[in-house]
1. When you scan region 7-23, how many residues do you find that are within 19 Å of VAL81 (Cβ to Cβ) and either part of a helix (DSSP H, G or I) or touching a helix residue (DSSP H, G or I) at 6+ places or on another chain (Cβ under 9 Å) (or both)?
2. I'd like to check something: does region 99-110 contain any residue that is assigned to a loop (DSSP other than H, G, I, E, B), under 30 Å from GLN126 (Cα atoms) and within 23 Å of the chain's Cα centre (by Cα)?
3. ILE22 is checked against (1) at pLDDT 90 or above; (2) open to solvent by 20 Å² or more (accessible area, probe 1.4 Å); (3) over 22 Å from LEU77 (Cα atoms) and fails just one. What number does that condition carry?
4. Are any residues in region 111-144 polar (S, T, N, Q) and outside any strand (DSSP E or B), and if so, which ones?
5. So PHE147 ticks every box in (1) part of a strand (DSSP E or B); (2) of a type in the set (Phe, Trp, Tyr); (3) within 18 Å of ILE105 (Cα to Cα) but one. Which box is left unticked?
6. Any residue that is open to solvent by 60 Å² or more (accessible area, probe 1.4 Å), at pLDDT below 95 and aliphatic (A, V, I, L, M) - is there at least one of those in region 109-122?
7. Could you check, for region 37-51, whether at least one of its residues is part of a loop (DSSP other than H, G, I, E, B), closer than 29 Å to LYS102 by Cα and either open to solvent by 80 Å² or more (accessible area, probe 1.4 Å) or touching a residue at least 12 places away in the same chain (Cβ under 8 Å) (or both)?
8. Regarding HIS84, is this residue surrounded by 13 or more Cβ atoms within 10 Å (Cβ to Cβ) and under 26 Å from the mean Cα position of the chain (by Cα)?
Amino acid sequence: METVILNVESRQTATKGETGRIRRSGKVPAVFYGPGKIGQKVCVDAREFRMKLDGLEGSHLIQLLSPAADFNEKMVLLKDVQRHPVTSSPMHIDFYEVDITKPIIVTVPLHFIGKAQGVTAGGLLQSLRREVTVECLPQEIPDFIQFDVTSLALHDTVHIADLVLPAGVKAVYDTNDAVVTIASPVAEAKPTAAEGAAAATEATPAAAPAAGGVAKAAGGVAKAAGGAAKAAGGAAKSDKK
């Protein structure tokens, strides 16, 4: 992988006012630290940082350039970047010094290429992991791990141990997790004959009360009609008198 060159400057104070002044001047406050080292305050040009490191995926080796001997030509990794919640501009950066002669553990992105045979047959490619943890020398960190899925058929699954890694790079994992699989398309389930009969049986009791209600209503109408006839008879009897 290509080493990124980045200019840094030393800074002495970490007060709120000084940090604000650094940001207003177009720089980003940062800290430089490493194994057995106390963190030292530095700052970087915000525009240079965005141009060289913003948008890069994975872990990248960075060589610092500085007028201060404590930081000049030191090799570091970008350990953390705190960003503004609205603009996403870098607000604070952590640089971690590494020894280029000793292996380190980092995460590397996974890239899947090709069109799987199972996808051509109607299946769905499901990416289960976007990165993998590896161990290697700092100068051998790959930009990404690539896997060609063309030969995968329906229900085929690729695990971490199946990945082909560059020389000098070793996968680090406790569980050999799946990273990609070709799944069958999900079809809408149709009810079976037994399920349809059960549904009809459940609906029948609900219909009975409704029928009873209709009969009761009809009885009420007949009773009302009988009352009307009785009243008419009484009126006719009164007229004869």
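The values are calculated or read from the model by the stated rules, or taken from the named source; none is laboratory data. Computed from a predicted structure; not experimentally measured. Using ideal geometry, Cβ is built from the backbone for each residue, glycine included, and neighbour counts are taken over all protein chains shown. The accessibility values were calculated without ligands, DNA or RNA, using every heavy atom of the protein model including side chains. Shrake-Rupley method; radii C 1.70, N 1.55, O 1.52, S 1.80 Å.
1. So the answer is 6.
2. no
3. Evaluating ILE22 over (1) at pLDDT 90 or above; (2) open to solvent by 20 Å² or more (accessible area, probe 1.4 Å); (3) over 22 Å from LEU77 (Cα atoms) leaves (2) as the failure.
4. GLN117, THR120, GLN139, listed by residue number.
5. Every listed condition holds for PHE147 apart from (3).
6. yes
7. Scanning region 37-51, I find no residue that is part of a loop (DSSP other than H, G, I, E, B), closer than 29 Å to LYS102 by Cα and either open to solvent by 80 Å² or more (accessible area, probe 1.4 Å) or touching a residue at least 12 places away in the same chain (Cβ under 8 Å) (or both), so the answer is no.
8. no
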